[in-house]
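Structure first, then comments.
The values are calculated or read from the model by the stated rules, or taken from the named source; none is laboratory data. Treat the numbers as computed from the prediction; the structure is a model and nothing was measured. Here the Cβ is made from the backbone with ideal geometry for all residues, glycine too, and neighbour counts use every protein chain on show. Protein only, heavy atoms only, side chains kept; ligands, DNA and RNA dropped before computing areas. Shrake-Rupley method; radii C 1.70, N 1.55, O 1.52, S 1.80 Å.
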Amino acid sequence: MKIAIDGPAGSGKSTIAKDIANRLGITYVDTGAMYRAITLKLLGKKESDFEKTLNNTKIEFIDEKIFLDGTDVSDKIRTNEISKNTSELSKNPLIRTHLVNLQKEIVKKESVVMEGRDIASVVIPDADYKFFLTATPEERARRRYLQFKEKNVDLTYEEVLKDLKVRDKNDMNREISPLTKSDDAILIDSTNLNYEQTISKILSYIR
Ligand code: DC
């Protein structure tokens, strides 16, 4: 089975996709983490070195952790700085082609819940189920702000909302594979739904 979940930053995709994969007993793939890991590796490198570096980079998921060249970078890729840089670097065609190919390889081998921005449109156009998960920018920023607060990250709600809107703009307006809802994807707007309600709604289409 192949399930595609796309949506903007802070829509709750990761937590929800992971939970659905666990409930269905299939593999969860966070493609955003792949873009983040590549960004970590390419930060500070010249664009002319990207291709060579990409061909010498190993990205693996082991027990829901992401490994970059053998090192667990699951926490390192979650900083605000990496979020901002990833949004910029993910416009690069070399990086996108490289990661889309890796993602297609994973899909060939196993049943997945794969989440990202271009999964339904580019990576798994023939997915069994396609969902587009979203919420208003204000609600997504509110959720992100609460998560940051729990981790003692010192950002105001206004700063979180501003960053999120910049990322939305980047993700939706880039030339290659911009974030859009594909026509055949089911729209799930979680603005007024709690976590369990969102999960139940998605599962009601799958079961
Ligand atoms: O889902 P996330 O916030 O971890 O994604 C980080 C960035 O990677 C985001 O700005 C958009 C980009 N991304 C992408 O362009 N395509 C994907 N399939 C997944 C993420």
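Loop sites here are GluC sites (Glu not before Pro) outside DSSP states H, G, I, E and B with no more than 15 other Cβ atoms within 10 Å. The longest part of the chain free of them is 111-174.
Among the protein heavy atoms of region 96-184, carbon and sulfur supply 50% of the accessible surface, probe 1.4 Å, non-protein parts ignored.
Quarter the surface of the alpha carbon convex hull of region 1-51 and you get the mean projected area, 4.8 square nanometres. Taking the Cα centre of the chain as reference, the dipole from Cβ charges on Lys and Arg (+1) and Asp and Glu (-1) amounts to some 120 debye.
Using 0.36 nm per residue and subtracting the Cα-Cα separation, the extra length available between I176 and I106 on full extension is 23.1 nm. Of the accessible area of region 1-76, computed with a 1.4 Å probe over protein heavy atoms only, carbon and sulfur atoms account for 45 percent. Where a ≥ b ≥ c are the square roots of the eigenvalues of the C-alpha gyration tensor, would you call region 55-207 rounded, which needs a/c under 1.5, or, failing that, prolate if a/b is larger than b/c, or oblate? Since a/c stays below 1.5, the shape of region 55-207 is classed as rounded. Under 5 Å between amide hydrogens, built in the peptide plane, is the criterion, and for I188 it picks out F132, L133, T134 among residues at least 5 positions away or on other chains. Averaging Cα coordinates gives a centre for region 1-53 and one for region 70-95; these two points are 9 Å apart. For G116, the residues whose amide H sits under 5 Å from its own are I5, D6, G7, ignoring neighbours fewer than 5 places away on the same chain, with H placed 1.01 Å from N.
Percent of Cα pairs in region 163-205 per distance bin of 10 Å, from zero to the largest separation: 24, 35, 35, 6. Per residue, the convex hull around the alpha carbon atoms of region 1-134 comes to 103 Å³.
Rolling a 1.4 angstrom probe over the protein heavy atoms with all chains in place gives region 125-207 an accessible area of 63 Å² per residue. Given contacts defined as C-alpha pairs under 8 Å and at least six residues apart, what's the relative contact order of the chain, whole-number percent? This gives 33 percent for the chain. DSSP finds beta bridges in the chain, and of those with both partners inside it, around 25 percent are antiparallel.
Calculated accessible area for region 8-77 comes out at 49 Å² per residue, all protein chains present (probe 1.4 Å; ligands, DNA, RNA ignored). Secondary-structure-derived ellipticity at 222 nm for the chain, considering helices only, amounts to -15000 deg cm²/dmol, per-run term -39500 (n - 2.57) for DSSP H runs with n ≥ 4. Quotient of the Cα radius of gyration of region 92-145 and 2.2 N^0.38 Å, N being its number of residues: 1.39.
Computed over the alpha carbons of region 35-80, Rg followed by Dmax gives 10.9, 34 Å.
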